[in-house]
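Asks: Provided herewith is a single structure, encoded as structure tokens, for subsequent inquiry.
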Amino acid sequence: MTIPEPPRGWWHRNRLALLVVAVLLPVVGLGIPRVEWQIGYSMAAEQTPVEVADKGTLDLHDATWGPIRSGEIDDLTGLDMPPDTRLLAAAIPVDPADGSKVYCNSPRLVQQSTGREWKPVRSEIGIPYVAEERDLCDSTTTEPYQMVVAFVVPDDVSGPFWVDVTSAEETFVRFSIDP
């Protein structure tokens with residue numbers, strides 16, 4: 001007569017799965033935060049501005065940028081402006097090099113004395129969409145175009161300002177304006 005084997009326990013039946021978990025848990029637990037840190041660090045890496053000469057142009061990132069036109073918009077009829085603010089606008093010509101496509105983030109306005117920043121507004125204050133007035137780089141065309149951006153700033157903020165056009169590159173285009 002054979003003696004029946006005692007029933008195997010849960011730990012014994014699942015030893016292969018437990019071994020896999022024991023190996024993968026530290027790999028995943030340490031690997032994901034490291035990858036996230038690397039992505040975040042690369043995105044936060046210091047970028048260097050390349051300033052465009054006053055009323056000049058700049059050849060950078062497969063395009064010619066400028067000359068910029070800027071000013072304060074006085075006619076606010078039909079716009080939903082917050083109280084005690086004013087509207088600054090800038091038009092930035094972009095001429096892609098032969099066959100190149102230009103990639104960039106939406107421009108931002110930076111007060112030179114404080115570093116305070118503003119993002120462009122359009123639909124938020126009721127400026128209608130116009131296809132010829134892009135508010136960021138058009139990576140679908142190799143033809144010249146212009147970006148037109150508007151910024152709402154408090155009445156008590158004064159210039160000079162920078163209009164920064166950043167991208168994933170180490171350098172970015174910087175225009176100085178004083179509307």
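Asks: Might you work out the accessible area of residue 15 for me, using a 1.4 Å probe with all protein chains in place, and round it to the nearest 10 Å²?
Replies: 130 Å²
Asks: Next up: For residue 118, tell me the accessible area in Å² from a 1.4 Å probe, rounded to the nearest 10.
Replies: About 30 Å², rounded to the nearest 10.
Asks: Follow-up. Ranked from the most accessible area to the least, with a 1.4 Å probe and all protein chains present, what is the order of 81, 147? Walk me through the numbers on the way to the answer.
Replies: Numbers: 81 40, 147 0 Å².
Ranked list, largest accessible area first: 81, 147.
Asks: What FRET efficiency do you get for residue 62 and residue 114 if R0 is 35 Å and r is their Cβ-Cβ distance, rounded to the nearest 0.05?
Replies: Working: r = 33 Å, r/R0 = 0.93.
Computed FRET efficiency for residue 62 and residue 114: 0.60.
Asks: Find out how many positive minus negative residues lie around residue 67, taking Lys and Arg as positive, Asp and Glu as negative, among other residues whose Cβ is under 10 Å from that of residue 67.
Replies: Details: positive: 55, 69; negative: 54.
With Lys, Arg at +1 and Asp, Glu at -1, the net is +1.
Asks: Treating only the Cβ of Lys, Arg, Asp and Glu as charged (+1, +1, -1, -1), what charge dipole size does the chain show about its Cα centre? Round to the nearest 20 debye. Can you show the working numbers first?
Replies: Details: 14 positive and 27 negative charges, 301 e Å.
Rounded to the nearest 20 debye, it is 1440 debye.
Asks: Roughly what would the spin-label model give for residue 139 and residue 27, points 7 Å off Cα along C-beta, in nm?
Replies: Placing both labels 7 Å beyond Cα along the Cβ direction yields 3.2 nm.
Asks: With a 1.4 Å probe and all protein chains in place, put 94, 23 in order of accessible area, largest first. Please list the in-between numbers first.
Replies: Details: 94 0, 23 85 Å².
The residues order as 23, 94, largest area first.
Asks: Enter the angle in degrees (range 0 to 90, nearest 10) between the Cα long axis of helix 15-43 and the first principal axis of the Cα atoms of the chain, meaning the one along which they spread out most.
Replies: Between helix and principal axis, roughly 10 degrees.
Asks: If segment 68-169 were replaced by its equivalent ellipsoid, with semi-axes equal to the square roots of 5 times the Cα gyration tensor eigenvalues, what would those be, largest first, whole Å?
Replies: Rounded to whole Å, the semi-axes are 25, 17, 10.
Asks: Let me ask something additional. Suppose accessible area is computed on protein heavy atoms with a 1.4 Å probe; arrange 124, 72 from highest to lowest.
Replies: Working: 124 115, 72 80 Å².
From most accessible down to least: 124, 72.
Asks: To continue, here is another question. Taking the mean number of other Cβ atoms within 10 Å as a proxy for protection, how do you rank 27-33, 150-156 from highest to lowest? Could you put the intermediate results ahead of the total?
Replies: Numbers: 27-33: 10.0, 150-156: 15.7.
Order by mean packing, descending: 150-156, 27-33.
Asks: Using only protein heavy atoms and a 1.4 Å probe, report how much of residue 61 is accessible, in Å² to the nearest 10.
Replies: For residue 61, solvent-accessible area is about 50 Å².
Asks: Among 18, 112, 89, whose Cα sits farthest toward the positive end of the charge dipole of the chain (+1 at Cβ of Lys/Arg, -1 at Cβ of Asp/Glu, about the Cα centre)?
Replies: With unit charges placed on the Cβ atoms, the residue in question is 18.
The values are calculated or read from the model by the stated rules, or taken from the named source; none is laboratory data. None of these values were measured; they are calculated from a predicted model. Don't worry about glycine lacking a Cβ; one is built from the backbone with ideal geometry, like all the others, and counts go over all protein chains shown. Surface accessibility is based on the protein's heavy atoms, side chains included, excluding ligands, DNA and RNA. Shrake-Rupley method; radii C 1.70, N 1.55, O 1.52, S 1.80 Å.
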